[in-house]
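Peer 1: Below is the structure I would like to discuss, written out as structure tokens.
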Amino acid sequence: MSERVVRRAAMGPEPLPEALREPGRTLVMGVVNVTPDSFSDGGQWFDTDVAIAHARHLVAQGADIVDVGGESTRPGAAPVTPEQELARVLPVVETLAREGAVVSVDTVNAATAEAVTEAGALIVNDVSGGLADPQMTATVARTGAVYVLQHWRGTPETMNSLAVYDDVVAEVRAELSQRLDEALAAGVREEQVVLDPGLGFAKDATHNWTLLAHLDALLELGRPLLVGASRKRFLSGVVPPRLADEPLARDAATAAVSALSAAAGAWAVRVHEVAPSMDAVRVAAAWQGHR
Ligand code: PMM
């Protein structure tokens, strides 16, 4: 274990801003993809009004955070310019922030991060962990937004060929630690950062399950953890075979992962279907409250 990991573990994590501290349970982040082609709900919420209505539905179900995305990270997805991405997400962010929702924006682009933060988003969710846009970390430092720094390798086009690890937990932890150092060097404050193992990003099913089973090793980095397993392909291995190709048939398995992630100490889970995961994280909190 590196010296810094030991030091962080000993100091304990620095807290997130008040609005994002856990209310005695793991938080639930609901997903609104304003894209025609995402992993699991591609196209469903592509219209601005439909996306806003869906986000309101997630908030009504209890979502603590709404994560708005305008660019699909699916391999082979059509590329989107930052301008197109911003045009998709900005009206949704403005409306939700005005209504008092805690808004996160799923973007790898610094220009988008800057604009949505001005429009009221509190969280920048960067699946590239600062690798896609060299301006991202300095922008996050300037805006003061909470920064979800996710592990990935390569790009959506190349990531499947980079899913090669001798020890996936040690390597993801080391690479997250390096990305965190880079973000801090760019001026991001440690208390702004949430880490995410990036399930499915340059990882196969075995890698994803191994990371989930070792969240404690990632928590040793001393930052809150976000877990995004929702409807991902690796869950098809635990649903009945006839439903293996149906992303929507993975919601019960997603909720089970939410419960186990919460029990393992995750700060938040990122999910498409909020209600079952809200129950799941409450189950975990009740269970742990009686130990
Ligand atoms: N997964 C997706 C998109 N954004 N963000 C974070 N922080 N963590 C994730 O695991 C993650 C993400 C891909 O899933 P989707 O296309 O179904 O939203």
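The values are calculated or read from the model by the stated rules, or taken from the named source; none is laboratory data. Small disclaimer: the values here were computed from a predicted structure and weren't measured. Every residue, glycine as well, gets a Cβ built from its backbone with ideal geometry; the counts of neighbours run over all protein chains shown. These accessible areas exclude ligands, DNA and RNA; they are computed on the full protein's heavy atoms, side chains included. Shrake-Rupley method; radii C 1.70, N 1.55, O 1.52, S 1.80 Å.
Peer 1: How much of residue 80 can a 1.4 Å solvent probe reach, expressed as accessible area in Å² and rounded to 10?
Peer 2: In the full protein context, residue 80 sits at about 20 Å².
Peer 1: So with the 1.4 Å probe, I'd like the accessible area per residue for the chain, rounded to whole Å².
Peer 2: On the way: 12180 Å² over 291 residues.
Computed with neighbouring chains in place, this is 42 Å² per residue.
Peer 1: What net charge do the residues around residue 244 carry, taking every other residue with its C-beta under 14 Å from that of residue 244, with Lys and Arg at +1 and Asp and Glu at -1?
Peer 2: +3
Peer 1: Of all the accessible heavy-atom surface of the range 26-289, with the other protein chains kept in place and a 1.4 Å probe, what percent is carbon and sulfur?
Peer 2: Numbers: 5520 of 10000 Å².
For the range 26-289, the apolar C and S fraction of the accessible surface comes to 55 percent.
Peer 1: Tell me, how many Å apart are the Cα centres for the range 48-84 and for the range 182-231?
Peer 2: About 21 Å separates the Cα centre of the range 48-84 from the one of the range 182-231.
Peer 1: Taking 7 Å along the Cα-to-C-beta vector as the label spot, tell me the residue 233-residue 256 distance in nanometres, rounded to one decimal.
Peer 2: Result for the modelled spin labels: 2.1 nm.
Peer 1: By the gyration tensor of its Cα atoms, with a ≥ b ≥ c the square roots of the eigenvalues, what is the shape of the range 53-162: rounded for a/c under 1.5, prolate for a/b over b/c, or oblate?
Peer 2: Values: a/c = 1.79, a/b = 1.45, b/c = 1.24.
Prolate, because a/c is 1.5 or more and a/b exceeds b/c.
Peer 1: OK, next. Please calculate the 1.4 Å probe accessible area of residue 214, with all protein chains present, and give it to the nearest 10 Å².
Peer 2: Its heavy atoms expose roughly 80 Å² to the probe.
Peer 1: Another question about this same structure. Could you tell me whether the chain comes out rounded, prolate or oblate from its Cα gyration tensor? Rule is a ≥ b ≥ c as square roots of the eigenvalues, rounded for a/c under 1.5, then prolate if a/b exceeds b/c, otherwise oblate. Let's see the in-between values first.
Peer 2: Numbers: a/c = 1.19, a/b = 1.06, b/c = 1.12.
Rounded, because the longest to shortest axis ratio a/c is under 1.5.
Peer 1: Working with all protein chains in place, sort 95, 206, 158 by solvent-accessible area computed with a 1.4 Å probe, largest first. Write out the running numbers ahead of the final one.
Peer 2: Numbers: 95 25, 206 95, 158 60 Å².
Ranked list, largest accessible area first: 206, 158, 95.
Peer 1: While we're looking at this one, here's another question. With the crude spin-label approximation of a point 7 Å out along Cα→Cβ, what separation in nm comes out for residue 242 versus residue 49?
Peer 2: Using points 7 Å along Cα→Cβ, the separation is 3.9 nm.
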